[in-house]
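Okay, so here's the structure we're looking at.
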Amino acid sequence: MKKILLGAHTSISGGYYKAIEQGAEIGCTTVQMFTKSSRSWTGTDITNDDVEKFHEALETTGMDPKTIVSHSSYLINIGSGNQATAKKSTKGLLHEVNRCATLGIPYLVIHPGSHVGAGEEKCIEQIAQNLDIVLEESDGVVTILLETMAGQGTNIGYTFEQLKEIRSLCTGKKRVGYCLDTCHIFAAGYDISTPAGYEETIEKMDKVLGISHVKAIHLNDSKTPCGSRVDRHEPIGEGHIHKNTFRLIMNDKRFADVPKILETPTDEELNLWRKEIKMLRSFVDN
């Protein structure tokens, strides 16, 4: 039986390897993790011992290093109309790409950026330019994944067309892919709450972005209705996206090799994720 790539965003508190061990403890076969604090621009140096323990944990748990995903700091905004912020963000993104390379993590998810009043087209062009700077100054082992966004505030990336334009403008587009967030696309107006709506959305996504470029999926229900453009995650089955949509994703052969990550924020994360992982596994047709 083929391994189901299902995981959660686990903690690196106590060591990078702890994210792997914590994931395995709740039934994950892959994980998403930060490589430093999500609220800081830089992190402490990653030592050889850190790398060794990280890969020992991967080997012990049986997780494939090629499926591990990292998420960038929430401070990063390479599309900012404030050039000082954009420059600092580009430097911060390069720092995170290099940290992923050191640990051997192949994918880094980023929020594309917010124009903060400078306008969407200018922001899209700037995101692509700054991505190219990062890609040119780093080695070729890490792929940056542009996350689909809800469209809250001045965020860019709430339409498939915007994400396609960013990647198309990148000289180093071979190292740029996408991360599909179910809550975000739903809030942005892609109604995936019915089988027909789900299929229509995925077909459009394939036509615009290309499914082969989708390298990670965030499995989140939405606290707000379709088209609200408000980013609020909810536990699966408790929001406006029908639970059956997640059954469709788990059985969608087009996403069989794509890591699927739970992100739902809660004080009882591990207990919730343990239940959700069990539930999502039960959705898979034998």
If you scan region 246-263, which residues turn out to be in a helix (DSSP H, G or I) and touching a helix residue (DSSP H, G or I) at 6+ places or on another chain (Cβ under 6 Å)? ARG247, LEU248, MET250, ARG254
Among the residues of region 226-234, is any of a type in the set (Ser, Thr, Tyr) and crowded, with 16+ Cβ neighbours inside 10 Å? yes
I'd like to check which strands (runs of 3 or more DSSP E) are fully inside region 1-105 and have at least 2 residues that are aliphatic (A, V, I, L, M) and under 15 Å from the mean Cα position of the chain (by Cα). 6-9, 30-33
Given the conditions (1) hydroxyl-bearing (Ser, Thr, Tyr); (2) surrounded by fewer than 20 Cβ atoms within 10 Å (Cβ to Cβ); (3) modelled with pLDDT of 95 or more; (4) in a loop (DSSP other than H, G, I, E, B), which single one is not true for THR266? (3)
Might you check whether a residue that is of a type outside the set (A, V, I, L, M) and without any contact (Cβ under 8 Å) to a residue 24 or more places away in the chain occurs anywhere in region 72-84? yes
Can you tell me which residue within region 3-39, out of those that are charged (D, E, K, R) and under 13 Å from GLY62 (Cα atoms), is surrounded by the most Cβ atoms within 10 Å (Cβ to Cβ)? GLU21
The condition of being touching an Asp or Glu at 6+ places or on another chain (Cβ under 6 Å) and farther than 25 Å from LEU262 by Cβ holds, among GLY140, GLY172, GLY197, only for GLY172
Just give me the residues in region 108-130 being touching a Gly at 6+ places or on another chain (Cβ under 7 Å) and not in a loop (DSSP other than H, G, I, E, B), in sequence order. GLY113, SER114, CYS123, GLN126, ILE127
Based on this model, can you work out whether THR182 counts as touching a His at 6+ places or on another chain (Cβ under 9 Å), at pLDDT 95 or above and under 17 Å from HIS111 (Cβ atoms)? yes
In region 237-262, what residues are surrounded by fewer than 17 Cβ atoms within 10 Å (Cβ to Cβ) and under 24 Å from LYS66 (Cα atoms)? ASN251, ASP252, LYS253, ARG254, ALA256, ASP257
Picked from region 232-245 (must be touching a strand residue (DSSP E or B) at 6+ places or on another chain (Cβ under 8 Å) and part of a loop (DSSP other than H, G, I, E, B)), the residue nearest to GLN152 (Cα to Cα) is ARG232
Filter pass, ILE166 being under 17 Å from the mean Cα position of the chain (by Cα), under 26 Å from SER282 (Cα atoms) and at pLDDT 95 or above: no
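The values are calculated or read from the model by the stated rules, or taken from the named source; none is laboratory data. All of these numbers come straight from a predicted model, not from anything done at the bench. In this analysis, Cβ positions are derived from the backbone assuming ideal geometry, glycine residues included, and neighbour counts consider all displayed protein chains.
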